[in-house]
Amino acid sequence: MQKSLRIGQILYTNTLPVYFHFDQLRFEDRISFVRQVPAQLNEAMARGEIDLGPISSFSYAEHAADYLVLPDLSVSAKGRVGSIFLFSKKPIEELDEALIALTNTSATSINLLKVILQKFYGLHVSYSMQAPVLADMMRDADAALLIGDDAIMAIRQRVPYMIYDLGELWYRFTGYSMTFALWAVRKAVLAEHAELLGEVHSAFLESKQKHLSNPEPLIEYVHAHYGGEKADWRQYFQGLQHVFGDEQRIGLEYYYRCAAEQGLLPGPVAVEVWEKSGRQKLR
């Protein structure tokens, strides 16, 4: 029997502050979780195989007519994000006519990189899409983009490349925060599941607040399961924003305008936010 709400979960540590303290037992058989990388969740959401959850913010723009954004939930950063890196054999300014290998797990970050290279650096490059294995990606490419835990693990290997944090580059050129993932819900499920959606949203916010009040349990968990230094994990989570308010919306809508200028979207996109009252805010 299908459960009432199918909820996506990104298979990266960057969403754990929202999920780690989520009280799943409270919902018994009313929800189920689907755990995949961002690109897979984007496709599952578009096909109607999941009802809500974090998706690439670029995927929201592609399906804005069908989705609403859940308030106060995102994966954002104002400056360094710490898990979205361009690894390059040469300085970024010298990548004109270069071949860039892109991870096949992302949507937002690969288009953010295109905006940065084309709009802000004025570079003409070509791209190839590959599985997120840095050694394989760099075999023929001049640079490679990795995201999430793949990027974190690659950094630990002390690879002999120049490394650029895309959140840092975006902030340097625009002064805006960057939202990489949004929690969205399909409009088609709202009428039937509005009350349950409200409960689930509240539970996510409660989980996030518990982490903010005491981050150490999550630090201990990721240290045990993913290795690395606890101090590095603390710094990483402190640099992430899991909110979505006016500051994040303004930066994201500017990203959408830049993407449209580069032909990556058909036009600018306004973010529409769900409200428990049933009214929507079209900013």
Which labelled figure in (i) 22.9, 72; (ii) 18.5, 56; (iii) 23.3, 103 is Rg and Dmax of the Cα atoms in Å, once derived from the coordinates = (ii)
Quick one: what are the phi-derived ³J(HN,Hα) couplings along region 5-19, Karplus 6.51/-1.76/1.60 with θ = phi - 60°, whole Hz, x for glycine and proline?
-> 10, 9, 10, x, 9, 6, 7, 10, 5, 5, 9, 4, x, 8, 9
Filter the DSSP H helices in the chain by two things, a Kyte-Doolittle mean of at least -0.5 and an axial alpha-carbon span of 30 angstrom or more, and list the hits by number.
-> 190-213
Using a simple charge model, +1 on the beta-carbon of Lys and Arg, -1 on the beta-carbon of Asp and Glu, nothing else, what dipole does region 158-283 show about its Cα centre, in debye to the nearest 20?
-> 200 debye
What GluC sites (Glu not before Pro) in region 1-75 are in a loop by DSSP, with at most 11 other Cβ atoms within 10 Å of the Cβ?
-> Glu28
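Rounded, prolate or oblate for region 1-62? Axes are the square roots of the Cα gyration tensor eigenvalues, ordered a ≥ b ≥ c, and the cut-off for rounded is a/c under 1.5.
Since a/c reaches 1.5 but b/c is at least a/b, the shape of region 1-62 is classed as oblate.
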When the dipole is taken about the Cα centre of the chain, and only Lys, Arg (+1) and Asp, Glu (-1) are charged at their Cβ, what size is it in debye, to the nearest 20?
-> 240 debye
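Tell me, what are the semi-axes, in whole angstrom and largest first, of the equivalent ellipsoid of region 57-141 as set by the roots of 5 times the Cα gyration tensor eigenvalues? Show your work: numbers first, answer last.
Values: eigenvalues 137, 43, 37 Å².
The equivalent ellipsoid of region 57-141 has semi-axes of 26, 15, 14 Å.
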For region 166-235, what % of the accessible area comes from carbon and sulfur atoms, probe 1.4 Å?
-> 49 percent
For region 167-283, rounded, prolate or oblate, judged on the Cα gyration tensor with a ≥ b ≥ c (square roots of eigenvalues), a/c < 1.5 rounded, else prolate if a/b > b/c?
-> oblate
For every helix of n ≥ 4 consecutive DSSP H residues, a contribution of -39,500 (n - 2.57) applies; sum these over the chain, divide by its total residues, and give [θ] at 222 nm rounded to the nearest 500 deg cm²/dmol.
-> -12000 deg cm²/dmol
With label points set 7 Å from each Cα along the Cα-to-Cβ direction at Glu49 and Ser128, the distance between them in nm comes to 2.7 nm
Using DSSP to define loop residues, name the GluC sites (Glu not before Pro) in region 184-278 whose beta-carbon has at most 16 other beta-carbon atoms within 10 Å.
-> Glu229, Glu275
accessible surface per residue for the chain, probe 1.4 Å, DNA/RNA/ligands not counted, whole Å² -> 44 Å²
As straight-line cross-link partners of Lys230, the qualifying lysines (C-alpha separation under 29 Å, not fewer than 8 residues apart within one chain) are Lys78, Lys208, Lys210
Let a ≥ b ≥ c be the square roots of the eigenvalues of the Cα gyration tensor of region 54-106; is it rounded (a/c under 1.5), or, if not, prolate (a/b larger than b/c) or oblate?
-> prolate
Spatial separation of Cα centroids for region 55-71 and region 115-172, in angstrom = 25 Å
For the pair Ala194 and Gln209, how long in nm is the line joining their label points, each one 7 Å along Cα→Cβ?
-> 2.4 nm
For Glu220 paired with Asp140, estimate the spin-label separation in nm (one decimal), with each label point 7 Å from Cα along the Cα-to-Cβ line.
-> 4.8 nm
Going residue by residue through region 59-70, the Karplus relation 6.51 cos²θ - 1.76 cosθ + 1.60 with θ = phi - 60° gives ³J(HN,Hα) values, rounded to whole Hz and with x marking Gly or Pro, of 5, 4, 4, 5, 10, 4, 5, 10, 10, 10, 8, 7
Between Lys89 and Leu11, what length comes free when the chain is fully extended (0.36 nm per residue of separation minus the Cα-Cα distance, one decimal in nm)?
-> 25.2 nm
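The values are calculated or read from the model by the stated rules, or taken from the named source; none is laboratory data. Owing to the predicted nature of the structure, the values given are computational and were not obtained by experimental measurement. Quick reminder, even Gly has a Cβ in these numbers, built from the backbone with ideal geometry, and neighbours come from all protein chains shown. The area values use the complete protein model at the heavy-atom level, side chains included, leaving out ligands, DNA and RNA. Shrake-Rupley method; radii C 1.70, N 1.55, O 1.52, S 1.80 Å.
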